[in-house]
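Single-structure report; data block below.
The values are calculated or read from the model by the stated rules, or taken from the named source; none is laboratory data. None of these values were measured; they are calculated from a predicted model. Glycine gets a Cβ as well: all are built from the backbone with ideal geometry, and neighbour counts include every protein chain shown. Just the protein is used for accessible areas: all its heavy atoms, side chains included, with ligands, DNA and RNA removed. Shrake-Rupley method; radii C 1.70, N 1.55, O 1.52, S 1.80 Å.
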Amino acid sequence: HLEHRVLSATHGYGGRLAFLGPVGGDPMRIDFTVAREVYLNKRVQLAAYLAALPETVAPPRRAVLRLDPREADRYEWIPYPAESDATDFAAFLEALKLYQYRASVPPRPQGDETMSRDLHKSAEGTSA
């Protein structure tokens, strides 16, 4: 399946797997990326997608296929070990908590910067 949608109502996230199906006889979940390098977020993102799939569909492996934006014929295949699925998913959930926290906190009210500067000035004045 290309562009397979996943959703976790339990944890409140969703996304799209670029590919879900067999590669060389092994069931795989793959994300494609056009980038100069692959960052850690891809690893935990794929673990989250795995956790959101129904157990009967979840393949045992995950990988990223990185296509180099500078050279059309250059690519990198980055498989992730199945043993790290739970740890990577736990890292994703911690990042999700931080995202949800930041989204729930209102922006700093206007005037706080002025108050901070005034407090800093007053602290400078008392230390002299």
Report task. Consider LEU53 carefully, then state whether it is on the phi < 0 side of the Ramachandran plot and at pLDDT 85 or above. Result -> no
Query raised in the report: Of the residues that sit in region 65-75 and are farther than 15 Å from LEU40 by Cα and outside any loop (DSSP other than H, G, I, E, B), which one is nearest to the chain's Cα centre (by Cα)?
Result: LEU67
Query raised in the report: In region 1-25, which residue that is part of a loop (DSSP other than H, G, I, E, B) and open to solvent by 100 Å² or more (accessible area, probe 1.4 Å) is nearest to GLN100 (Cα to Cα)?
Result: THR10
Requested in this report: Check region 42-55 and report whether any residue there is in contact with a Leu (Cβ under 9 Å, 6 or more places away or on another chain), surrounded by fewer than 16 Cβ atoms within 10 Å (Cβ to Cβ) and not acidic (Asp, Glu).
Outcome: no
**Report entry** Members of region 65-82 that are within 11 Å of VAL34 (Cβ to Cβ) and open to solvent by less than 80 Å² (accessible area, probe 1.4 Å)
**Finding:** LEU65, ARG66, LEU67, ASP68, PRO69
